[in-house]
Amino acid sequence: MSEGAKPPDVIRASLQSGEVLAWWDRPDPRLVGRRELGLEWLFGVLLLHLAFVWIAATVWVGGEAVLLGMPLLAFGTWLVTAPFRTRRAAASMLYALTDQRALILSPTATSAHPLGSIAFVETEAAANGYGHVLFFNEALPVTYRLFHRYGPWTRKSGFIGVAQADRIARDLQDAVAALVGRSTQQQA
């Protein structure tokens with residue numbers, strides 16, 4: 001929790017001149033990883049079973065077609081390990097909310113969402129207070145598109161797996177309203 005704790009240097013370095021940090025925290029890696037469980041994961045399990053049956057059958061028969069099972073094995077492994085890879089990446093992520101932007105920082109990329117461009121704020125919270133604060137649409141990975149050919153290729157995202165998700169959502173809504181109120185007063 002970021003209450004009273006000094007923010008990491010990477011967050012302070014990401015702040016623009018005059019920007020005030022309101023909140024920061026790290027996600028719960030288990031919740032971030034759990035979000036990746038779905039049809040793709042089940043299909044990955046099916047592919048792994050198919051690959052093992054193919055490889056075992058070709059080895060037993062003595063055929064040289066054993067190599068044809070390797071792409072199934074590789075793709076199935078990739079799909080099955082997605083929640084674990086996402087969980088591992090989440091351990092090094094940071095979330096921050098300022099008076100101007102919502103920031104998602106990871107070692108590979110920084111995602112900055114100006115408060116003025118946030119069209120919705122939704123919360124998915126459990127009884128223990130942990131949950132997701134959703135405020136933008138992200139493009140889905142290519143593997144998801146393989147299984148959902150005709151559905152939407154975006155999903156709602158934001159601060160995934162945070163403590164006190166309802167409070168953070170209210171703070172984000174208040175910050176958006178304050179920013180909109182300031183811009184309305186400046187235009188008048």
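Name the residue, out of Gly129, Gly158, Gly181, Gly116, that is at positive phi and modelled with pLDDT under 90. Break it down stepwise before answering.
Values: Gly158 fails: modelled with pLDDT under 90; Gly181 fails: at positive phi; Gly116 fails: at positive phi.
Selected residue: Gly129, the only one of Gly129, Gly158, Gly181, Gly116 that is at positive phi and modelled with pLDDT under 90.
For the stretch 132-155, what are the residues that are at pLDDT 90 or above and of a type in the set (A, V, I, L, M)?
Correct list: Val133, Leu134.
Among the residues of the stretch 15-28, are any of a type in the set (S, T, N, Q), assigned by TED's automatic domain parsing to the domain that holds Ala165 and either surrounded by fewer than 16 Cβ atoms within 10 Å (Cβ to Cβ) or not in a helix (DSSP H, G or I) (or both)?
Just the residues of the stretch 15-28 that are of a type in the set (S, T, N, Q), to begin with: 16-17.
The next check asks that each one be assigned by TED's automatic domain parsing to the domain that holds Ala165; those that pass are 16-17.
Subset that is either surrounded by fewer than 16 Cβ atoms within 10 Å (Cβ to Cβ) or not in a helix (DSSP H, G or I) (or both): 16-17.
Yes, that holds for at least one residue.
Within the stretch 84-96, is even one residue among the small types (Gly, Ala, Ser), free of Cβ contacts under 8 Å to residues at least 60 places away in the same chain and in a helix (DSSP H, G or I)? Lay out the reasoning, then the answer.
Kept after step one, since they are among the small types (Gly, Ala, Ser), are these residues of the stretch 84-96: 89-92, 96.
This time we only want the ones that are free of Cβ contacts under 8 Å to residues at least 60 places away in the same chain, so: 89, 92.
If we keep only those that are in a helix (DSSP H, G or I) as well, we get 89.
Scanning the stretch 84-96, I find at least one residue that is among the small types (Gly, Ala, Ser), free of Cβ contacts under 8 Å to residues at least 60 places away in the same chain and in a helix (DSSP H, G or I), so the answer is yes.
Residue-by-condition table, conditions (1) over 16 Å from Ala96 (Cβ atoms); (2) at pLDDT 85 or above; (3) part of a loop (DSSP other than H, G, I, E, B):
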position: Ser2; (1), (2), (3): no, no, yes
position: Ala5; (1), (2), (3): no, no, yes
position: Arg12; (1), (2), (3): no, yes, no
position: Arg30; (1), (2), (3): yes, yes, no
position: Glu40; (1), (2), (3): yes, no, no
position: Gly44; (1), (2), (3): yes, yes, no
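Could you give me the residue pairs with C-beta distances under 9 Å whose first residue belongs to the stretch 33-44 and is without any contact (Cβ under 8 Å) to a residue 40 or more places away in the chain and closer than 12 Å to Thr86 by Cβ, whose second residue is in a loop (DSSP other than H, G, I, E, B) and acidic (Asp, Glu) wherever it lies, and which are 6+ apart or on separate chains?
Within 9 Å, no pair qualifies.
The values are calculated or read from the model by the stated rules, or taken from the named source; none is laboratory data. For clarity, every value in this text was computed on a predicted model and none was experimentally measured. Glycine gets a Cβ as well: all are built from the backbone with ideal geometry, and neighbour counts include every protein chain shown.
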